[in-house]
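This report refers to the structure that appears directly beneath it.
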Amino acid sequence: MTSELVVRQRLLTQHACGHTLPTPRDVVRHLGAVQAQDYRGGLWAVGLRSEGANESAVEEALMDRSILRTWPMRGTLHFVAAEDARWMLRLLAPRAVASLAGRYRQLELEPAVFLRARKVFEKALRGGGLLTRDEMHELLQAAHITPEGQRGIHILQRLAQDGVLCFGPRKGKQQTFVLLDEWIPQGKPRARDEALTDLALRYFRGHGPATAHDFAWWTGLTLADAKSGLEAAAAMLSHDSAGGRHYWGPRTESATARLKPAALLLPPFDELLVAYRDRGASLDPAHSQHLKSLLSPTIVVQGRIVGTWTRARGRDTVTIAPRFFSDQSERDLRAIQSAARRYGAFIGVTTIVA
């Protein structure tokens, strides 16, 4: 299995090239979770994998509660299917919470503070309430719990990881918080082994070919737990080896066909990068210095990252400014222009490529 085949198969299993999935919920459920630290970037990550979806359609999936935004893994915001939120939080959030123990001490966030904040928010939100972050911080201040110095966001994050809060609909341009128990119905509890197996199947079917180390990175699980989940799911996955590494993925045909579309404009934190501990299949090491972090939106041509891009939004237009690591062929430039138009159509404006 060559690097070229690895990245081609990943694009296909992620539905970034080839057949898209019918709805935003289908995308999120297939991948298991979609990183949404950058909110609009997360919308685009789901949209480019959805059949004909625009930005409004992805936000509608958040409004109708088929998907939601919370902190299920690695202490990072993700979109997850509503029915998966609770069991993923129970499985994955404890390690993320434990990793923040030192930060909690720095911020003087003791267990009693989280408990007091929980009572304040449950009282304020009960009965269908929804409040912006600033309004939640005001509630804390009124209860003599200072939100200053990042205390506020750490309290909100922790209570979301504990299954108390999640993000609700937007209020104007602001995100809101709601009570998780009121926003989505309770699901059937899952045994830990069952949850590990299901998550392994979701990850390798939605992101493969990938390794056990990739799975551990993506979930934040220990390598032992990641291997345990993979072992339970292995009979339902394909397996290959290359360069001393063992790759697992869905039981599908190999990616020998030409990728369509040939070029993609990926958002920050896209699953094509963030879902793998080793990103060498997508990014030439010679160009890694040009990609400062996963914050950078990237340009992908035939599965390889060839540059980054920025956008400037006007009233009825969006200007896309590409920055390439090296010269591109005329054919690839045309493909990139097509990808830019696709992004403009997603947000509903005319695209200008600078």
Considering every Cα-Cα pair within the stretch 181-248, what fraction, in whole percent, is farther apart than 18 Å? 39
P(r) tail for the stretch 263-353, what percent of Cα pairs lie past 23 Å? 22
Which of the peptides 15-26, 166-177, 31-42, 106-117 is most tightly packed, and how do the rest follow, judged by the mean count of other Cβ atoms within 10 Å per residue? 31-42, 15-26, 166-177, 106-117
Given a Förster radius of 35 Å and the C-beta distance between D193 and T252 as r, what FRET efficiency does 1/(1 + (r/R0)^6) yield to the nearest 0.05? 0.85
Pull up all non-local amide H partners of V306: gap of 5 or more, or a different chain, and H-to-H distance under 5 Å with H placed in the peptide plane. I299, V300, V301
How many angstrom separate the Cα center of the stretch 22-42 from the Cα center of the stretch 156-221? 11
Calculated from backbone phi, Karplus (6.51, -1.76, 1.60) coupling profile of the stretch 243-251 in Hz, x at Gly/Pro: x, x, 10, 9, 10, 10, x, x, 7
For the chain, with a Gaussian network of springs between Cα atoms less than 10 Å apart, report the residue from F325, F204, F215 with the top mean-square fluctuation. F325
List, in order, the whole-Hz ³J(HN,Hα) value for each residue of the stretch 114-127 obtained from phi through the Karplus relation with A = 6.51, B = -1.76, C = 1.60 and θ = phi - 60°; use x for Gly and Pro. 4, 5, 4, 5, 4, 4, 4, 6, 5, 5, 6, 9, 4, x
Put a dot 7 Å past each Cα toward the Cβ at A321 and D162; how far apart are the dots in nm? 4.5
Enumerate the amide H contacts of L21 below 5 Å, restricted to partners 5 or more residues apart or on another chain; note that Pro and chain-start residues carry no placed amide H. S50, E51
Gaussian network model of the chain, Cα within-10 Å springs - most flexible of T146, T219, T197: T146
At 0.890 mPa s and 25 °C, Stokes diffusion of the chain via Kirkwood alpha-carbon radius, µm² per second: 115
To the nearest 0.05, what FRET efficiency results for R334 and N54 with a Förster distance of 25 Å applied to their C-beta separation? 0.60
Added length on full extension, which subtracts the Cα-Cα distance from 0.36 nm per residue, A142 to H213: 21.0 nm
Alpha carbon convex hull of the stretch 53-138, projected area averaged over orientations, nm²: 7.1
Calculate, in nm to one decimal, what A98 and Y39 gain on full extension: separation in residues at 0.36 nm each, minus their alpha carbon distance. 18.7 nm
Show the residues, 5+ positions off or on another chain, whose built amide H is closer than 5 Å to the amide H of A36. L77, H78, F79
FRET efficiency for R133 and V353, using Cβ-Cβ distance with R0 set to 41 Å, rounded to 0.05: 0.70
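So if I take the alpha carbon set of the stretch 18-177, get Rg, then get Rh from the Kirkwood formula, what is the Rg over Rh ratio? Don't jump to the answer; show the numbers that get you there.
Working: Rg = 16.2 Å, Rh = 16.3 Å.
When Rh is taken as the Kirkwood radius, the ratio is 0.99.
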Karplus-derived 3J(HN,Hα) from phi for the stretch 230-242 (6.51 cos²θ - 1.76 cosθ + 1.60, θ = phi - 60°), whole Hz, x at Gly and Pro, runs 5, 4, 5, 9, 4, 5, 9, 10, 8, 9, 8, 9, 6
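No lab work stands behind these numbers, since they all come straight from the coordinates. Bear in mind the structure is a predicted one, so any value in this text is a computation, not a measurement. Neighbour counts run over all protein chains shown; Cβ positions are idealised from the backbone, glycine included.
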